[in-house]
Amino acid sequence: MNPNRIGFQAFALALLLGGCASTPRNDAATTFIVVRHAEKATDDPRDPSLNEAGQARARRLAAWLADRDIAAIYATGYRRTQQTVQPTATAHGVQVETYDAAQPAQDFAAALRAAHASGTVLVAGHSNTVPGIASALCGCDVPDMDESVYGLGYEIRVPADGRATLSEHRLP
């Protein structure tokens, strides 16, 4: 066999394989789903649990997120926020991490963005904290939320370039 031909074949094979190799794409994104807790009961004025409608909404939230890659779940230490995310946590086998509702939204959002470079992160808060958290995550204005509003959530997508987009959702 001709040594020059073998050298040419090896070169051609290397060129062919090099052309087939793909450059890794850095298109990873993190999606933050920020929701207010579901409907609350009147069983405890300071720390109520969810009522039947709230429990049903929590199950629908889990169903809505069923096909997402849930990387983490955060909720305040109140029963209503914990119960809102528990069906999602159970379905995905993810432990709920408790955060301080009094923590400034900018600080909490910065910690979330630093901790999560991909996947979907669910955050449950309150009518007076959800808009601030969503605003801090997207770097945009989010209107205040009325105390009577349930089922409103925000989806903030943060691609690798850091330019976040916000969409508002009426949750099931």
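A straight line joining the Cα centroids of the range 102-164 and the range 67-83 runs 13 Å. Annotation: average projected area of the range 26-170 is 8.0 square nanometres, based on the convex hull of Cα atoms across all directions. Between the beta carbons of Thr90 and Cys140, assuming R0 = 30 Å, the FRET efficiency works out to 0.40 to the nearest 0.05.
Each peptide in 116-129, 35-48 receives the mean, over its residues, of other Cβ atoms within 10 Å, and ordering these scores from highest gives 116-129, 35-48. With r as the distance between the Cβ atoms of Gln103 and Ala53 and R0 = 30 Å, compute the FRET efficiency 1/(1 + (r/R0)^6) and round to 0.05. The pair Ala53/Gln103 has a calculated efficiency of 0.55. Using R0 = 45 Å, the C-beta based FRET efficiency linking Val149 and Ala28 works out to 0.90.
Values in this text are rule-based calculations from the coordinates and carry no lab data. Every value quoted in this text rests on a predicted model; they were computed, and no experiment measured them. Glycine also receives a Cβ, built like all others from the backbone with ideal geometry; neighbour counts cover every protein chain displayed.
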